[in-house]
Amino acid sequence: MCDGYIPLIIKDVFVHLAIDSNSELICIHDSTKPLVLAGDVAKVLKDDWLIGAAVLGVPAKATIKEADSESFVVKTLDRKTLWEMQTPLVIKPDLLKKGFELVNR
């Protein structure tokens with residue numbers, strides 16, 4: 001949530017939750033990145049069934065810096081411990097609805 005506004009993509013997902021309340025899983029994917037591998041999608045779906053929510057992640061390749069409140073670099077983070085989150089993300093509808101309820105409070 002940014003300054004009291006829900007970003008457009010979140011609004012779009014929230015609106016579409018009303019389409020099928022009987023869904024067992026909701027899969028959200030960034031359609032501007034269509035080249036996701038079928039095996040990666042299958043793993044995310046499998047992990048969701050086990051845990052209740054899952055997202056595709058890949059090890060970070062970029063150099064990530066931590067900065068202080070004045071935007072001065074404090075340190076370089078160890079990329080071995082960092083992951084980039086991608087899509088799809090898969091979540092059980094009740095968990096997603098609870099998340100939106102928290103955001104909309």
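The values are calculated or read from the model by the stated rules, or taken from the named source; none is laboratory data. Everything numeric here is computed off the predicted structure, so don't read it as measured data. Note: ideal-geometry Cβ built from the backbone for every residue, glycine included; neighbour counts use all protein chains shown.
Here are the criteria: (1) over 12 Å from residue 96 (Cβ atoms); (2) at pLDDT below 85. Tell me which single one residue 13 does not satisfy.
Checking residue 13 against (1) over 12 Å from residue 96 (Cβ atoms); (2) at pLDDT below 85, the one that fails is (1).
Among the residues of the stretch 68-103, which ones are in contact with a strand residue (DSSP E or B) (Cβ under 6 Å, 6 or more places away or on another chain) and more than 28 Å from residue 32 (Cβ to Cβ)?
If the condition is that a residue be in contact with a strand residue (DSSP E or B) (Cβ under 6 Å, 6 or more places away or on another chain) and more than 28 Å from residue 32 (Cβ to Cβ), then 68, 73, 74, 75, 76 are the ones that fit.
Consider residue 56 carefully, then state whether it is at pLDDT 90 or above and touching a Cys at 6+ places or on another chain (Cβ under 8 Å).
Spelling it out, it is not the case that residue 56 is at pLDDT 90 or above and touching a Cys at 6+ places or on another chain (Cβ under 8 Å).
Take residue 87 and tell me if it is outside any helix (DSSP H, G or I) and touching a His at 6+ places or on another chain (Cβ under 6 Å).
Numbers: outside any helix (DSSP H, G or I): yes; touching a His at 6+ places or on another chain (Cβ under 6 Å): yes.
It is true that residue 87 is outside any helix (DSSP H, G or I) and touching a His at 6+ places or on another chain (Cβ under 6 Å).
With respect to the numbered conditions (1) small (Gly, Ala, Ser); (2) at pLDDT below 85; (3) assigned to a strand (DSSP E or B), which one is the sole condition not fulfilled by residue 99?
(3)
Identify, by number, the condition in (1) more than 13 Å from the chain's Cα centre (by Cα); (2) at pLDDT 85 or above; (3) not in a strand (DSSP E or B) that residue 66 doesn't meet.
Condition not satisfied by residue 66: (3).
Which residue is surrounded by the most Cβ atoms within 10 Å (Cβ to Cβ), if the candidates are limited to the stretch 61-90 and must be in contact with a Lys or Arg (Cβ under 8 Å, 6 or more places away or on another chain) and polar (S, T, N, Q)?
Among those residues, the one meeting the criterion is 87.
Taking interchain pairs and intrachain pairs at least six residues apart, which have beta carbon atoms under 7 angstrom, with the first residue in the stretch 43-60 and without any contact (Cβ under 8 Å) to a residue 60 or more places away in the chain and surrounded by 12 or more Cβ atoms within 10 Å (Cβ to Cβ) and the second of a type in the set (D, E, K, R) and assigned to a helix (DSSP H, G or I)?
Sorted first by the residue in the stretch 43-60, then by its partner, the pairs are 54/47; 54/48; 56/40; 60/79.
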